[in-house]
Amino acid sequence: MDNAIYTIGHSNHLPDTFIRLLTEAKIEVLVDVRSNPISPWASYANPHDLKRLLKAAGIQYLYLGDVLGGRPSDPDCYNAQTGKADYRSMQDKESFQRGLSRLLKGLKKYRICVMCAEEDPSSCHRNLLISGSLRREGVKILHIRGTGQIQTDEELWKDKAGVGVNQISLPM
C-alpha cells in the first residue's frame with residue numbers, strides 16, 4: 001500500500017454519490033469513526049444500511065467510533081471548564097491508541113478511508129484528532145471532498161488560510 005489513509009464525510013450526499021466517491025478513490029475498507037453512528041441527513045449512513053450499501057460496492061465496513069470517535073463516553077476526555085472534547089487527553093487513552101494501531105495495521109493490507117459526518121475535514125475530529133495522530137506516525141492523509149477532488153493536507157491548509165496553491169510549501 002502507499003502509506004496513505006483517506007478521509008471522507010458522508011455529509012448529505014446521495015448514496016450513489018457517496019459510493020462513487022469511495023470507488024473512484026479505490027477504497028477497500030471504510031472505517032466509521034462517528035461516536036454516534038446515526039445521521040439525520042443521510043439515512044443510508046446508519047450502520048445497517050451503510051454496511052449493505054458498501055458490501056454491494058465491494059467495500060468492507062468497520063466501526064471504530066467507540067475508540068476513535070470525537071465524543072467518547074469517558075468524562076476524562078472533556079475539559080472540565082468548557083465541557084468540550086480534549087483531543088490531547090483522548091490521544092493518550094489506551095483505547096484510542098488501540099484504535100490507531102488497528103488503522104496502522106490495516107493500512108499494510110488495505111486502502112482505508114476514515115469516515116465521519118462533515119464534508120469539510122478542516123474542523124472535523126477525523127482530521128484534527130485522528131489524522132493528527134496518524135501524521136505523527138508518518139502516514140499521509142488524503143481527504144476525499146464532495147466534488148470528488150482528493151485534497152492533500154497542504155492543499156487543505158492553504159485553502160483554509162487563503163494561500164494560493166503555488167505560493168508557499170509547508171514542511172509536512
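Here is how the numbers come out for the structure above:
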| item | result |
| --- | --- |
| Additional length obtainable on full extension of the chain from GLN149 to GLN91, 0.36 nm per residue less Cα span | 18.0 nm |
| Percent antiparallel among DSSP beta bridges (both partners in region 14-172, rounded to 5) | 35 |
| Proximal charge balance of ASP74 [Cβ under 13 Å; K/R count +1, D/E count -1] | -3 |
| Region 61-124 - convex hull of the alpha-carbon atoms, volume per residue in Å³ | 104 |
| Accessible area per residue, Å², the chain with all protein chains present, probe 1.4 Å | 55 |
| Sparse-neighbourhood loop sites, chymotrypsin sites (Phe, Trp or Tyr not before Pro) in region 1-60 - DSSP loop, at most 14 other Cβ within 10 angstrom | TRP41 |
| Scaled radius of gyration (Cα, divided by 2.2 N^0.38 Å) that the chain gives | 1.01 |
| Normalised contact order of the chain, rounded percent, pairs of Cα under 8 Å and 6 or more residues apart | 33 |
| Accessible area in the full protein assembly, largest first, 1.4 Å probe, for ASP16, ASP86 | ASP16, ASP86 |
| Within-14-Å neighbourhood charge of PHE96 [Cβ basis; K, R +1; D, E -1] | 0 |
| Over 22 Å (Cα to Cα) - which of LYS84/LYS108; LYS105/LYS160; LYS55/LYS109; LYS140/LYS160; LYS26/LYS105; LYS26/LYS158 fall in this group | LYS84/LYS108; LYS105/LYS160; LYS26/LYS158 |
| Where trypsin sites (Lys or Arg not before Pro) in DSSP loops with at most 10 other Cβ within 10 Å are excluded, longest remaining stretch of the chain | 110-172 |
| Positive minus negative residues near VAL114 (Lys, Arg vs Asp, Glu; Cβ under 11 Å) | +1 |
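The values are calculated or read from the model by the stated rules, or taken from the named source; none is laboratory data. The structure presented is a predicted model; accordingly, all values stated were derived computationally and were not measured. Backbone-built Cβ (ideal geometry, glycine too); neighbour counts: all protein chains shown. Note: areas computed on protein heavy atoms with side chains; ligands, DNA, RNA excluded. Shrake-Rupley method; radii C 1.70, N 1.55, O 1.52, S 1.80 Å.
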